[in-house]
Amino acid sequence: MVLAGDLQDTRNLDNLILRQLHVVFLKFHNEAIRQLRSNPPAISGVENVGSGTLFERAQRLVRWHYQWIIRHDFLPRIVHPEVWNHQERRIPFLPKPGESYSVPIEFSLAAYRFGHSMVRNAYRLNCRTKRVLIGELMALGQKAAPIPDDYLLEWGTFLDGLPTSGPQASSSFIDTSISVAMHGLSPSTIRLANRLEPPDPSNLPIRTLLRGARAGLPSGQEVADALFAQGKIKSTDRLTAGQLTQDTCDQTGSILRKIGLEENTPLFYYVLKEAELSGEGLILGPVGSHIVSEVLQGALEADPDGYLSRAGPNWPLPLWRFPSGARRKVNSLIGVIRLIGDDKLLPECDAHWRRFHLQPSS
């Protein structure tokens, strides 16, 4: 069984997948402590990590790897190539003394919610549990108890290169079509600051649009015009009313035209639509890419204890000792999972995988 981690922080219990991902990083931290305190250290190249207690050094090492993976593996996968090339040449964000970094609401209430469109209605967990609906994933994640083996994830189902006893579950496209499951989640119990407002609906896309409207978010056109004025996107990168009202994968374009928002489009919808059109549903479009990449990189640069501030952008990744005895860098989430040994399958799932993959070729 797998423990939940810090059960007091309910963000770790949002769903069954996130809960087990949190456990992966707990194990990564424990492995950092084990390799740092061995004599001689099993890990090499950690001189830049700095001084402090064993716990502090391990904590910093895990955080730096997480930040490095976000910057070098995650962002290039979701950001439009032209925008990413621009971001690589950007001037680093340097906060003034005593100034804290704040996340703009254009990011938190709209652009970074693009992931909602990538969620499927249900997921296969392992060879025992072959279909779990999103609602059940949410309920199981919030249960303050050890996770039974029946619900342990085969990480190879979600990440290329790791073993899985069944088909992989690629994410859905980034577009305006959001799975049915996201339209009927459990009603939120969090009340708004304004008690005259109704509670947030269980329909997640509607909740996102309402929150954006209440917060006074700029429209997608206003953000695109601002980025164009700053020279960050081309004039042709801005979506036209005709593009926004196209019914590419669903009927939302016609609905946008019907309600008269084709010239004043909610930022959340605009980001999804441009990913659908210019990113072919695989990556963000120019506007979404700029918002997401600038905010995440700005947050990394503003961290005074992060690797960018302490070791610089060219920090050389340390060499870890893997279970096989090999010494390698950990430069992806897949690398973390392999290092801690969480790429193992349940015994009967492993037998299924071996029968499927190790059959002699005809």
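Which GluC sites (Glu not before Pro) in the range 271-323 sit in a loop by DSSP (not H, G, I, E or B) and have at most 15 other Cβ atoms within 10 Å of their own Cβ?
Taking the range 271-323 and a limit of 15 other Cβ atoms within 10 Å, the loop GluC sites (Glu not before Pro) found are Glu280.
If you average the sequence gap of Cα pairs under 8 Å that are 6 or more apart and divide by the length of the chain, what percent do you get for the contact order?
Reported relative contact order: 25 percent.
Which of Cys249, Phe268, Tyr307 sits farthest toward the positive end of the charge dipole of the chain, with +1 on the Cβ of Lys and Arg and -1 on the Cβ of Asp and Glu?
About the Cα centre, the residue reaching furthest to the positive side is Tyr307.
Using the Karplus curve 6.51 cos²θ - 1.76 cosθ + 1.60 with θ = phi - 60°, what ³J(HN,Hα) values do you get for each residue of the range 230-237, in whole Hz, with x for Gly and Pro?
Using θ = phi - 60°, the values come out as 7, x, 8, 9, 8, 4, 6, 6 Hz.
Would you list, by chain and number, the lysines whose Cα falls below 23 Å from the Cα of Lys143, excluding same-chain residues fewer than 8 positions away?
Lys27, Lys130
Can you compute the modelled spin-label distance between Ser51 and Asp14, with each label point 7 Å from Cα toward Cβ, in nm?
Using points 7 Å along Cα→Cβ, the separation is 3.9 nm.
To check my understanding: the extent here is largest minus smallest coordinate of the Cα atoms along each principal axis. What are those three numbers for the chain, in Å, largest first?
66, 54, 51
Within the range 294-311, which residues have the backbone N less than 17 Å from the label spot 7 Å out from Gln230 along Cα→beta-carbon, could you tell me?
Answer for the range 294-311: 294-302.
If you take all C-alpha pairs in the range 228-297, what percent of them are over 16 Å apart?
Pairs farther apart than 16 Å: 48 percent.
Any lysines with Cα under 23 Å of the Lys232 Cα? List them, leaving off those in the same chain fewer than 8 positions away.
Lys273
Taking the highest mean first, how do the peptides 58-68, 102-112, 324-334 order by number of other beta carbon atoms within 10 angstrom per residue?
The most tightly packed comes first, giving 58-68, 102-112, 324-334.
Ser254 versus Asn30, label points 7 Å from Cα toward the beta carbon: distance in nm?
Those two pseudo-labels are separated by 5.5 nm.
Show that you can apply the helix-only estimate: for the chain, add -39,500 (n - 2.57) for every DSSP H stretch of four or more residues, divide by all residues, and state [θ] at 222 nm to the nearest 500.
When only DSSP H runs of four or more count, the value is -11500 deg cm²/dmol.
Lys and Arg at +1, Asp and Glu at -1: add these up for the other residues within a Cβ distance under 14 Å of Leu282 and post the number.
-3
Could you compute the FRET efficiency for Lys130 and Val180, with r as their C-beta to C-beta distance and R0 at 25 Å, rounded to 0.05?
Taking R0 as 25 Å, the efficiency between Lys130 and Val180 is 0.85.
Which net charge results when you count Lys and Arg as +1 and Asp and Glu as -1 among the other residues whose beta-carbon is under 10 Å from that of Arg310?
Net charge in that neighbourhood comes out at -1.
Check the cysteines of the chain one by one and keep only those with no other cysteine Cβ under 4.7 Å from their own.
Taking the Cβ cut-off of 4.7 Å, the unpaired cysteines of the chain are Cys249.
For the pair Ser309 and Ala145, how long in nm is the line joining their label points, each one 7 Å along Cα→Cβ?
Distance between label points: 4.3 nm.
Once you charge only the Cβ atoms, +1 for Lys and Arg and -1 for Asp and Glu, what is the size of the charge dipole of the range 221-362 about its Cα centre, to the nearest 20 debye?
Using Cβ point charges on Lys, Arg, Asp and Glu, the range 221-362 gives about 860 debye.
First select every other residue whose beta carbon is under 13 angstrom from the beta carbon of Leu159; then total the charges, Lys and Arg +1, Asp and Glu -1.
Local charge sum for Leu159: -3.
FYI, it's all coordinate maths here, none of it is from the lab. In this text, all values refer to a predicted model and were calculated from it rather than measured experimentally. Ideal geometry is used to build each Cβ from the backbone, glycine not excepted, and the neighbour counts take in all protein chains shown.
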